1. Please work out the ratio of the alpha-carbon Rg of the chain to 2.2 N^0.38 Å and round it to two decimals.
2. Please give every one of the lysines within straight-line cross-link reach of K170, meaning a C-alpha to C-alpha distance under 29 Å, and leave out same-chain neighbours fewer than 8 residues apart.
3. In bins 5 Å wide, starting from 0, what share of all Cα pairs of segment 2-107 does each bin hold, as a percent?
4. What is the sum of charges around I12, taking Lys and Arg as +1, Asp and Glu as -1, for the other residues whose C-beta is under 11 Å from the C-beta of I12?
5. Calculate the all-directions average of the projected area of segment 110-215's alpha-carbon convex hull, and give it in nm².
Amino acid sequence: MSVLTVRDLDRILAHSTVPVPPEVESVMARAQKDDEVFADRFSAPEFVAMVRSKYLAREPNLQELIEPLGGLGSAPVLFCQVESGEEVVSLVLDEHEMLAATYLDRSRTTRTVSVRYLRVLLQASTLPATARAVAAIEALPDGQLLRLGETEAASIASTLWTKYNLAREKGVVVVGLEQFTKDLSHAGSMDVLLGSIWLQDSLVTAALDATARSGGPY
C-alpha cells in the first residue's frame, strides 16, 4: 500500500490526457489538499479480476476503471479513492499518470442504520472494543443515521489492518483493531455492511452482517 495526498493526485490529474467526468473534478476540488489517500498496489490483471469477481455486480460504474487496463499486461497499478460526503471518486494510476477515473454518488443506493439501533447492537456484543464504542457515541442523537457500505469482509479486513497500523505509527491510538480485522478475515468472502462515525476526537467503525442487519457488529 502507498500513501499519496490529494495534492499529489491533483498534480497527476492536471497532466493526464484521460477524459475525466466533471463530477470527478468537482469532488477533487472540494477535497482537502493535504489529506492522505491510501493506494493499493496490484498487477493490472489482478485488479481487473478482483473488480469483476467481487465488486462489478453492485458497482457497475467500476467497468470504466478496468476497460483501459487490457493492454497493460502484468504492469503494476495503484487503486485509490477520494470521498466527499456521499460522493466517491475512484482512480487507477501507474507510477506517473492516471489510467482511469470514475464517480459514484452513494446516496442513491445507500443503506443506513440509526445511532439508536447501533447502540443496541453494540450493547449486546461481547467484543473487546464495544464498551469504548458505546461510550464514544453516547451523546449522539438516537435518530442520527450512519451510512453503511457493502463490502467483502476479508478484503476490507486487509485494507483496514494496513490503514490503521500506518495511523498507529503516527501516534494514533487504535482500539480493537486486531480482533476486528481477525473476525472480518474469518468471515472470508461474506459481504458485510461497514460504517464509520466521525466524532470530535475519535472515529468509531462497525461492521454488520449484510444479510441480517440485526446479526450484530464484528
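A short reminder: the numbers here are calculations on the coordinates, not readings from a lab. Computed from a predicted model, the values in this text were never measured in an experiment. For neighbour counting, all protein chains shown are included, and Cβ atoms are generated from backbone atoms with ideal geometry for every residue, glycine included.
1. Working: Rg = 17.9 Å, N = 218, 2.2 N^0.38 = 17.0 Å.
That works out to 1.05 for the chain.
2. Hits, sequence-local ones excluded: K33, K182.
3. Taking all Cα pairs of segment 2-107, the binned fractions are 2, 12, 25, 26, 21, 11, 2, 0 percent.
4. On the way: positive: R7, R11; negative: D8, D10, D94, E95, E97.
Charge balance near I12 sits at -3.
5. Taking a quarter of the hull surface, the average projection is 6.4 nm².
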